[in-house]
Structure formats: C-alpha cells, structure tokens
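Engineer: Right, I'll just put the structure down here and ask away after.
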Amino acid sequence: MSKHVEKILRPKLAVEIAGIKLKNPIMPASGTFGYGEEYAPYLDLNQLGAVVTKGMSLNPKAGNNTPRICETVSGMLNAIGLQNVGVDAFIEKKMVFLQQYDTPVIVNFFGNTQEEYGEVAARLDDVPGVAALEMNISCPNVKHGGIVFGTDPGAASAVISLVRKKTTKPLIVKLTPNVTDIQVTARAAEESGADALSLINTLTGMAVDVKTRKPRLANTIGGLSGPAIRPIAVRMVHQVVQAVDIPVIGIGGITRAMDALEFLIVGAKAVQVGTANFVDPKVMATIIADLETFCCEEGISDINDLIGSLEL
C-alpha cells in the first residue's frame, strides 16, 4: 500500500473544545500528570490532544500529611491536598518547559475564596501558551462555613461569574460528582459563563486498615478514582450532555480506548485520562493509537461522527 493511500485512509481524530483545536480527544486529568515535564521521558507530549496541569493556587501548597494515596479494588484513593508550587512559580518555571510543545496547555486552578479564584485566573490570563483554564470548584469556601463551591449551585455560580470577568481565556469548569443532581450544577456553570465542562472529579471515599483499625489515609477521607467509578462517570456525562449546550469533557476510570469511546458516544467531545497514568505512563499514546485502529476497523473517517452517537 502506498503512503498516499495510507494517508487518505487515516481517520481524523481532531476535535474542538471552546475554540481550542486538539489533535485528538485525549488529555491527562489534572493531578495525574504533574506539570507535564515528569512524563516527557515516557511519551511525546506533542502526541496528546492537550496537556492539563496539576491544580494551581495563589500561593504554594505543601499538601496533606502522608500516607495520602492507597489502592482500592479497581481504583485508588488520594488525599494529596492539592500540593503545588503556586501560580507565580508555575508561570516563571513550569510554563517555560511546556511552551516548547505544539500542544495546547490547559491550566487547572483553584482557590479557597472567590477572591483567590479570581486572582489566580487574572495572573494566568496573559501567559503565552496557556490555551484555556480549568476551574476546580471542588474546594471549600472558607468564608462560608467550609462549603464546597461545587456542591452548592449558588456558590458555584457566584465564583464562576467572578472568574469569568477576570479572564479572556476559554473557561472549563470541572464538576464534582458529590451532588444530588449534577445537571443543576452544570446548568448553573453554563449560565455563569463556563465555555465547557469537565466531569467527573473524584468521588468521596474512605478505606480502613482492619489490623490497625485506622484509616489508610492520614486525612481519613479521600477522592476515589480509577475503573471502579467509570460507570458513574459515564452516566453523569450522559446526563450533563442532555442539560447544557456547551462542550463536555469526560473523566473517570479510562484505561483503554474502549473506555474513552463510551464517553465520546454519550456525547463528550474529549476525555481526560487520570489514574491509568500511574500504572502505565505511556497509556495515553496507546489509547490514541487504538482509537485510530478502532475507527479504521469500523469504517469511521472522522471521530466526530462517533461523538453523541448513542442510540436509545
């Protein structure tokens, strides 16, 4: 077969999220890929649809005490505590590395107050190479009794509205699954200025060492991720796609191309791979290659034809 024929038969994997053009729909989930540099020895970052950084805060954070990760059946609990170098150090040191790649950089960020969210977004607004911001609203609001922004539609709306005024970058809001009705939060985010949504963040969980009778995490509770949560994530993505008009990025337990395809078929425009990166640092490159193979075998010339193709 000639190279010309191979090129014609190669399916298109490119997708677009809030005006950001991605080579393919595969990107890492925040907190599982460091600042990108840590994984560069294992795979070419130019292969990815985007790079999503770990969460940035206004000031550096040391994170929680150890142990702060433990394995569970088909998953993992973590209570890292959002450890990061702080937004200024990220801009000065970490972005320099990422700017050498032809891959969009999505910077995840958070704050303990509305003001902190706004300040971090403002500082990232004019940074070259930052294609979009991903706003983690699964953080406590210290001014209002410690309520998590993302579990209260009113609190979520207020902080998203403030951030929307602070940045011209495309704004992706990352939703927590720890709510009664995720469609309510999704609509509130859309109405408040979100350009896209990503979901789900981790589910709240706990594990106990039965011999010591102590929690397996120093923080007692943590976030559950991995294959165990995928059916919940697929269900929530399906629900949110029905509720909003903005693009949705699916997250939750993706370890292979078939998992990613579930999210795409229910309507996600792209997906993020998280826990699987700890098992196999090359897993996203494998998923991308296998997506291409799947499309070839199924006679699909453009992966966008699969997005939202669920038959009920």
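Engineer: Kindly provide the set of residues from the stretch 221-259 that are in a loop (DSSP other than H, G, I, E, B) and without any contact (Cβ under 8 Å) to a residue 40 or more places away in the chain, ordered by number.
Structural biologist: Hits for the stretch 221-259 are Ile254, Thr255, Arg256.
Engineer: Looking at Leu82, is it touching a residue at least 24 places away in the same chain (Cβ under 8 Å), out of contact with any Gly (no Cβ under 9 Å at 6 or more places or on another chain), outside any helix (DSSP H, G or I) and not hydroxyl-bearing (Ser, Thr, Tyr)?
Structural biologist: When the stated conditions are applied, Leu82 does not pass them.
Engineer: Please go through the stretch 165-187 and give me each residue that is within 19 Å of the chain's Cα centre (by Cα) and either part of a helix (DSSP H, G or I) or surrounded by fewer than 17 Cβ atoms within 10 Å (Cβ to Cβ) (or both), ordered by number.
Structural biologist: Asn178, Ile182, Gln183, Thr185, Ala186, Arg187
Engineer: From Glu262, Glu298, which residue is free of Cβ contacts under 8 Å to residues at least 12 places away in the same chain and at negative phi?
Structural biologist: Glu298 is the lone residue from the list that is free of Cβ contacts under 8 Å to residues at least 12 places away in the same chain and at negative phi.
Engineer: While we're looking at this one, here's another question. Looking at the stretch 261-282, which of its residues are closer than 24 Å to Pro41 by Cβ, assigned to a helix (DSSP H, G or I) and under 16 Å from the mean Cα position of the chain (by Cα)?
Structural biologist: Across the stretch 261-282, the qualifying residues are Ala276, Asn277, Phe278.
Engineer: As an exercise: evaluate Gly34 against (1) farther than 17 Å from Ile288 by Cα; (2) in a helix (DSSP H, G or I); (3) within 19 Å of the chain's Cα centre (by Cα) and give the number of the one condition it does not meet.
Structural biologist: Among (1) farther than 17 Å from Ile288 by Cα; (2) in a helix (DSSP H, G or I); (3) within 19 Å of the chain's Cα centre (by Cα), Gly34 violates only (2).
Engineer: I've got another one for you. Got at least one residue in the stretch 69-83 being among the polar types (S, T, N, Q) and surrounded by 19 or more Cβ atoms within 10 Å (Cβ to Cβ)?
Structural biologist: yes
Engineer: Of (1) closer than 23 Å to Ile249 by Cβ; (2) out of contact with any Asp or Glu (no Cβ under 6 Å at 6 or more places or on another chain); (3) modelled with pLDDT of 95 or more, Ile91 satisfies all except one. Which?
Structural biologist: (1)
The values are calculated or read from the model by the stated rules, or taken from the named source; none is laboratory data. Source: prediction; values computed, not measured. Note: ideal-geometry Cβ built from the backbone for every residue, glycine included; neighbour counts use all protein chains shown.
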